[in-house]
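For reference, the structure discussed in these notes is given below.
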Amino acid sequence: MIDKLKKYLKEVENFYSENSTEIEAFRISYAGKKGILSSLFSSFRDIPPEQKKNYGKELNKLKEAVSLKVEYLKSKSKWESKKSKINDPTRTSFQIQSGNRHPLSIVKKRIIDIFTQIGFSISEGPEIEDDWHNFTALNLPPHHPARDMQDTFFIQTNPDILLRTHTSSVQVRHMESNKPPIRTISPGRVFRNEAISSRAHCIFHQIEGLYIAKDVSFADLKQTLKYFTESLFGNSNIRLRPSYFPFTEPSAEVDIYWGLETEIDYRITKGTGWLEIMGCGMVDPNVMENCGINPKDYSGFAFGMGIERIAMLLYQISDIRLFFENDVRFLKQFKATL
Ligand code: DAH
């Protein structure tokens, strides 16, 4: 009897197939209701008592070998059929990651959406500008001290050509080639000769806004800015603080109320609770005249903001350099937002 068991065990050990029907037939022939194992178990009672222990041991060994073999062959045949399907030599071995918009693009798009909803068009201009559009037409004649506020990259061979320091240059171009009413925003990249730090970079982005029509007042400016900050930041308080820009008169800085709840709030608002988010004012009559619009017939307002600054506030980002380093660990955090 023991020899018979050993013979079966050899047979089980030698069995091999990748065909699932053959594997199943093998399983039934051994472990099925009327299979070999079942008949071997029932013949247990005919074994002489002194051989029972040995027989039982060998029988269990055989049973275990059958179930192990079936399990192994089944999973192997599954893998073999799957492997043949995924064996695509053009596939990379890395998981392909889908990209997402850059946080600055997300914020730019949100700002554009807010203004286009109230009738603003989008206008663009060149990044390499001439002195007229970037400075002189904006009431900043040569040697005007306010030029120092915007450290400029000039083209060495031609001091009339420069990298624009603000997108206000686009308002000049737009007024030169359009008649009022004008309602436009100009997003774009700007350049300043700044030392790079956590707060400053020599390349950054701005959005300029311009509205010129009949009887536009300072109240219209304030209302438009209130609509904008509420759309972007939720229910927020703003204040207009008197300031100076050569191209607007009067001029103001727009502050948003940030709060003073935490130590960080104290630090970023310098203990005031207020944060500056943009500059604005009523377009100076000289600027309108420079661009061919009669200030006796029309009035208007303008504003300008840094997209990085707004994005830093919205997402609580403390270092402007993160926007330009293109570290995917930073960028992929904005996947869910759009
Ligand atoms: N051009 C200004 C700057 O870059 C921002 C600005 C302030 C634009 C006031 C405006 C304005 O149109 O009215 O700092």
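Computed from the alpha carbon atoms alone, the convex hull of region 153-200 holds 87 Å³ per residue.
Got a number for carbon plus sulfur as a percent of the chain's accessible area, 1.4 Å probe?
Ligands and nucleic acids excluded, carbon and sulfur reach 52 percent.
In this rough spin-label picture, where each label sits 7 Å from Cα along the Cβ direction, the Lys270-Asp319 distance is 2.4 nm. Computing FRET efficiency as 1/(1 + (r/R0)^6) for Gln117 and Asp88, where r is the C-beta to C-beta distance and R0 is 45 Å, gives about 0.45.
Taking every C-alpha pair closer than 8 Å and separated by at least 6 residues, the mean separation divided by the residue count of region 28-132 gives a relative contact order of 13 percent. Among the chymotrypsin sites (Phe, Trp or Tyr not before Pro) in region 5-66, which ones are in a DSSP loop with at most 12 other Cβ atoms within 10 Å of the Cβ? Mind listing them? In loop regions of region 5-66 (DSSP not H, G, I, E or B), the sparsely surrounded chymotrypsin sites (Phe, Trp or Tyr not before Pro) are Tyr16. Helix-only arithmetic for the chain: the sum of -39500 (n - 2.57) across DSSP H runs with n ≥ 4, divided by the residue total, places the mean residue ellipticity at 222 nm at -13000 deg cm²/dmol.
For region 138-229, the fraction of alpha-carbon pairs lying more than 18 Å apart is 58 percent, rounded to a whole number. What's the long-distance tail for region 103-337, i.e. % of Cα pairs beyond 29 Å? For region 103-337, the share of Cα pairs beyond 29 Å comes to 28 percent. Calculated accessible area for region 103-337 comes out at 49 Å² per residue, all protein chains present (probe 1.4 Å; ligands, DNA, RNA ignored). In units of the rule-of-thumb radius 2.2 N^0.38 Å, region 2-86 shows an alpha carbon radius of gyration of 1.28.
Per residue, the solvent-accessible area of region 2-86 (1.4 Å probe, heavy atoms of protein chains only, all protein chains present) comes to 72 Å².
Short-range pairs are left out: with C-alpha atoms under 8 Å and at least six residues apart, the relative contact order of region 2-86 is 44 percent. Backbone amide hydrogens, once placed in the peptide plane, bring Ala252 within less than 5 Å of Ser243, Cys280, Gly281, excluding anything fewer than 5 places away on its chain.
If contacts are Cα pairs under 8 angstrom and at least 6 residues apart, what is the relative contact order of the chain in percent?
16
Across region 198-206, rounded Karplus estimates of 3J(HN,Hα) from the backbone phi angles (6.51 cos²θ - 1.76 cosθ + 1.60, θ = phi - 60°) give 5, 10, 9, 9, 7, 10, 8, 10, 10 Hz, Gly and Pro being marked x.
Over all projection directions, the Cα-based convex hull of region 173-313 averages an area of 9.2 nm².
Between exposed trypsin sites (Lys or Arg not before Pro) in the chain, where DSSP calls loop and at most 15 other Cβ atoms lie within 10 Å, what's the longest gap? Here the longest segment lacking exposed loop sites spans 102-198. The angle separating the long axis of helix 218-233 from the principal Cα axis of greatest extent in the chain is about 10 degrees. A Stokes-Einstein calculation at 10 °C with viscosity 1.306 mPa s, built on the Kirkwood radius of region 250-338 over Cα pairs, returns a diffusion coefficient of 99 µm²/s.
The values are calculated or read from the model by the stated rules, or taken from the named source; none is laboratory data. These figures come from a predicted structure and were not determined experimentally. Note: ideal-geometry Cβ built from the backbone for every residue, glycine included; neighbour counts use all protein chains shown. Heads up: the accessible areas ignore ligands, DNA and RNA and are worked out on the full protein's heavy atoms, side chains in. Shrake-Rupley method; radii C 1.70, N 1.55, O 1.52, S 1.80 Å.
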